[in-house]
Structures are given as structure tokens and as C-alpha cells.
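As C-alpha cells, the structure follows; a few thoughts come after it.
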Number of protein chains: 2
Amino acid sequence: MSITVVGSVAYDSIETPAGRRERCLGGAATYFSLAASFFTDVRVIAVVGEDFGPEQEAVFAARKIDTRGIEHTAGKSFFWEGSYLENLNEAQTRNTELNVFASFEPKIPDPYRDSEFLFLANIDPVLQRRVREAMSQVKLVAGDTMNYWIKDHRPALLEVLKGLDVLLINDTEARMLAGNNNLVQAARAVRALGPRALVVKHGEYGATLFRDSDANDQNAESTFKAPALPLEQVIDPTGAGDSFAGGFFGYLASQEKLTPAAWRRAMFYGSVMGSFACERFGTERLQQLSRAEIDTRFNHFRELTHLD
Amino acid sequence: MSITVVGSVAYDSIETPAGRRERCLGGAATYFSLAASFFTDVRVIAVVGEDFGPEQEAVFAARKIDTRGIEHTAGKSFFWEGSYLENLNEAQTRNTELNVFASFEPKIPDPYRDSEFLFLANIDPVLQRRVREAMSQVKLVAGDTMNYWIKDHRPALLEVLKGLDVLLINDTEARMLAGNNNLVQAARAVRALGPRALVVKHGEYGATLFRDSDANDQNAESTFKAPALPLEQVIDPTGAGDSFAGGFFGYLASQEKLTPAAWRRAMFYGSVMGSFACERFGTERLQQLSRAEIDTRFNHFRELTHLD
């Protein structure tokens, strides 16, 4: 089943201990759709400026991603500059230029309207909600957000959460959203706001899925942990979270039935895609990836965590 | 097979968000031996003062721990006071009184000398080495250390590491010991100092085992990750690391052969015992634990991480 994703397509200038890159193709929707495209059909809704040309278009085309929902307007694309020199786990933003993103009004192409899966990447919750409402036919909606929206746009964000089936955020965001430092309690509080399932990403320590138990389970909640791959060198962590979301949600969308086993495997595929994203700058690694490499790494994750 | 452990038997005054306890029985050797006692015979080498009486002795006796190596001397036992009010993952030390520990000279009772497993808990590396040399017949030696010894007693610590088969430390300590922030590279550097196996504990994110691969494996290294249990309430994290070590090493000592599967299961049992330790103040939970509860939680850890 196909996924429609709405989010940023952008340029990033990135500095890490491994080096520096100017104006790589980036943005949450870019990382998400590249990662998800290994599992299912993906359709993007975004806005770009005149600096987005055939070369960038070709990155999406190579992965057969539908870009009819990427609006081209006058001006420059969203631009972000950040550094990981101090901390590989958290970017320091040096510069953000919204550019054409400042007046982004997501438009949903008609052919996208039969998508059964919807991903609301990290953008203004007002826009997330608008897309959610316009795509009311979808079977499963997942979304992301960040500290800025949690702190300063809480009412709008709370409206979005009511319409989400799955929320993917990191530890700090989960604790901030719940106002509770204990992760188990925070997860319960966040899920009470709407999403039946919550994925909390722990960076180099993997991720935890909190969701409703299945009917035949005695516990009200079920929890599952996916590891992160111990990486010898993290070249560039930009987009790792969005790539996790792409692998996770892409795998779910590829399944006939969302069994408990499918949710667990989705967590592994999320972690697998996040690990690849860190291996090179920008989207380089995702662009040069094969499904065989993904499955080899999936099996490696199994060996890393399974007793037998 | 039996384990001899050398380390502190102490009193702790502890403050956490859940409350305060004055002068609980504590110390690394206490937590370690209680945890390990569920898997194998344990013998303790330590020193205590006149404040250690029949009530404390009974805690060890109830778990059939051999205390003939606990020396009683004039003065007061080692005392530590710490707070977790600011951070449940890291204690703030308010007071340390070495007392009788200041002149501790470990003496090994003759009946301990046939122990095949030796655990050197976190004490002065000069003492660790002395015990290691006096117990040269052991099959497997594991040890712990801390930032203080890494920073200010490195030459003595490096001598200890040469004689260790397994080192158990936390992330910060591994990075500090290796002088390398990347955990995979740090683990390799630490293992080059002596221990064939390294367990890095990540607190609420579990632990990773780095060890030599088995002969039939193509990779030079093998890595295994055990989760930590997502706890709804951490009452008191004191001793969680020592309890991990006790479960881990206790399980290894109970096995006829140290197969790859045994190492993996030992990681789970370590994490299981660490999770119990946090559930009540001091050693309360370890004192009131059954093997059946341990195995139930072990199975819960499996469900938390296994795909099928």
C-alpha cells in the first residue's frame, strides 16, 4: 500500500567530525521517502524553490518516488546549516532559512488520495492537521514533531495528536511533551493524547515501541525494543530519525496485516535504515543502497539481540 | 562453580525522588554477592567495622553467602552518602568515609582458594591486583572500576586490566579509559589492554557485550545487546551496576561451558538483576527475591527484544 508523506525537502550544510558538506539535498520528507521507498510506493508533498532542479529530481526518480506533490515556486528552498562537532547525538543549528517554506500550503494531488498510509513529517502542526483532515480516508497515520512545536505551539500540536495512530519522537521530546521524566509514565501520558502507538527514539541506544496490547494479551500495554547498530564511525547523523521513520512506516505499509510481529519487524527496519543514513553525508548512503544490504543488516540486528 | 568476590561492604545513606534511607547495608560486594547467589556459591572478601553485626550478617546468611573472608576490625564500616534528586542515572556523592576501608588488606581464607571464578569489585587497583595474583588458579576473572581510578591511578589500573578476562564498566568510563568517544572504537581499545570481553553498561538503555568471536565466526569481534527493563518507577538505582555484574557473572559461573549462548544469556540475567535492584531502596529487593521471579523477568526480557 502506498504512503503519502508531507514535510520538508531542503538543502543542508553540515559539519561533523568527519568533514563538511555544503548544500546537500536534505529535509525530513526526503530522508523519509528514500528510506520508505525500499518497502513500498511513496508520494511526497512539499515545496521547493528554483534551486531544486533535475539533479535533485533524479534522486527521487531513481527510487520511483512520486514527486507530483512537490510544488515548485519562485525563491529558494528551505535551508538549514548545522554542526555536530560538539555532540554527534544532537545538532547545533547555525542557520535556518525558511525561504519558500514560510508560505507553504500543502496541496494534495488527486492521484495521492487513495494512499492508505500517511506520514506527517516534522512541520507546523497547523499544516499537519490540514493534511490529515484532507486525507481522511487513510488507514494509518504516523507523525513526527520537535521541541519547538511542543514548547511553543502546544494547542495546535495537541489537535494533531488526536488524529495520529503512531507518533515517533525522541526521549527528550517524549519527556517534554508529557512533562514527566520517567519514560514509561511519559509514554503512557503521550499515548493518552491520541496515538495508540508511540515510538521513542534513543539515538545510539536504539528505540522503544509502546503500544496497546493485542486482545489475547493480559497486559494493557506492549513494549518492544530495537537496538541501534554500534557504528564504528558516524559520518553524519542528519536524517537518521527520518530514515528510521521511513523504514518503520514503509515496512508497515508493505504488510497485509499489522500483526504484533509486523510491528516488531518494523522497529528493526526503522533502526536498520537509521543506521545506514549515518554512514555517509546527507542522503548519499540511502541513494546507494540495495534491498539485499537492508536484509543483511536486519539479520545482523537479530544476531545482536537474540538469545538463540 | 563458586565465585570469590572482593570489594566493599558498607553503609549507604541514600536520597532519591522516592524518599530517603539512612545507613542501609550496601557496598559493591554486597550487591554483587546477593545477585550472584541466585546462580552459584559466593564467597566474600571485605572488611567491616564494629557497626556490622548479626543483623547484617544474617542478610548474607539468608542467601548462603560465605562470609568467612569478611574481616571485622575496630572502627566503623565504609560509609557513603549520595543523592539522586537531580539525576536518577548518576549519584551525587555528598559524603564518603573510608573508615576501616582505608587500611583494607584483603586476606583470602584457605577454603576460598579453590574458587574458579573471581570478581574484583570497584576498589583500589593495587588491591585488585594483589587478590588477582593470590588467586592465580581461577578460570575466569572479571572486574569493575570507576572514573577515579581511571583518571588518577591509571598505571595501577592498567596492570589490573592485563589480568582480567572480563571488564564491566559504564559508557563514560569506557570512553574515558580509551580516550575515544566512539563506543565501538573505545571498546576495541579497552580490550587491547587485556580483557577479552568488555561489558559496557548504558543505565536505562541496557548494556553491550563486546568479545572475541568464536573460531567458526568470520568476524573478529562479536557484539551482543541486552535491554534494560523500562521501569515505571526507579526507587533507588544504588547497586544496579553491581547487581548486573552479580547476575552476569553468577550465571556464567553456573554454566558447564561458556558457549556463545551462555554469554548472551548472562547479559540478560545481568540486566534482570540490575532491574530488580532499582525497585526498592538498598538491597531490599534482592533480599526478597525468588529464582522464579528472576526467570519470569528473563522471559519478559526475551519478549521485549525478540522478533518471534
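Odds and ends about this structure:
- Taking the convex hull of Cα positions in region B:165-239, its mean projected area over all directions (nm²): 5.9
- Tensor-based shape of chain A (alpha-carbon gyration tensor, a/c under 1.5 rounded, otherwise prolate or oblate): rounded
- For region B:228-233, 3J(HN,Hα) computed residue by residue from phi via the Karplus equation (6.51, -1.76, 1.60; θ = phi - 60°) reads 9, 6, x, 9, 5, 8 Hz, glycine and proline entered as x.
- The dipole here belongs to region B:151-308: it is taken about the Cα centre, uses +1 on the Cβ of Lys and Arg and -1 on the Cβ of Asp and Glu, and is about 340 debye.
- Calculated FRET efficiency for the pair B:ASN180/A:SER83, C-beta based, R₀ 22 Å, to 0.05: 0.60
- Cubic angstrom per residue, convex hull over Cα atoms of the protein assembly as shown: 150
- Using a 7 Å Cα-to-Cβ projection, A:ALA134 label spacings across copies, nm, ascending: 7.8
- Anisotropy class of region B:1-52 from Cα gyration tensor, a/c 1.5 cut: oblate
- Across region A:221-308, Cα-Cα pairs more than 22 Å apart make up 23 percent of the total.
- Each other copy holds its own label point for A:ARG302; taking that point as 7 Å from Cα along Cα to Cβ, the gaps run 1.7 nm, nearest first.
- Ellipticity estimate at 222 nm from DSSP helix runs (n ≥ 4, -39,500 (n - 2.57)) divided over the protein assembly as shown, nearest 500: -10500 deg cm²/dmol
- At R0 = 56 Å, FRET efficiency that the Cβ-Cβ distance of B:SER136 and A:THR259 yields, to 0.05: 0.55
- Chain B residue with Cβ closest to the axis mapping B onto A, distance in whole Å: B:TYR205, 2
- Fraction of accessible area attributable to carbon and sulfur, region A:1-159 (%, probe 1.4 Å): 47
- Normalised by the number of residues in chain B, the average gap of Cα pairs under 8 Å and 6 or more apart makes the relative contact order 18 percent.
- For chain B, size of Cβ-based charge dipole, Lys and Arg +1, Asp and Glu -1, in debye: 620
- Accessible area in square angstrom per residue, region A:100-252, 1.4 angstrom probe: 39
- Residue pairs exceeding 25 angstrom between C-alpha atoms, taken from A:LYS64/A:LYS151; A:LYS201/B:LYS257; A:LYS162/B:LYS225; A:LYS139/A:LYS162: A:LYS64/A:LYS151; A:LYS201/B:LYS257; A:LYS162/B:LYS225.
- Region A:149-205: GluC sites (Glu not before Pro) falling in loop per DSSP and having at most 15 other Cβ within 10 Å: none
- Considering only alpha-carbon pairs that sit under 8 angstrom and 6 or more positions apart, the relative contact order computed for region A:179-308 is 20 percent.
- Taking the label point 7 Å along Cα→Cβ, A:ASP51 and its counterparts in the other copies are spaced 6.6 nm apart, in ascending order.
- All alpha carbon pair distances within region A:155-308 were sorted into 10 Å bins beginning at 0; the resulting P(r) in whole percents reads 11, 39, 35, 14, 1.
- Accessible area that becomes buried as B packs against A, both chains, 1.4 Å probe, Å², nearest 100: 2800
- Semi-axis lengths (Å, descending) of the ellipsoid that matches the C-alpha gyration tensor of region A:99-199: 24, 16, 10
- Rg and Dmax [Cα atoms of region A:7-144; Å; Rg one decimal, Dmax integer]: 15.2, 45
The values are calculated or read from the model by the stated rules, or taken from the named source; none is laboratory data. Given the structure is predicted, the values throughout are model-derived calculations rather than measurements. Virtual Cβ from ideal backbone geometry, glycine too; neighbours counted across all protein chains shown. For accessibility, only protein heavy atoms count, side chains too; no ligands or nucleic acids. Shrake-Rupley method; radii C 1.70, N 1.55, O 1.52, S 1.80 Å.
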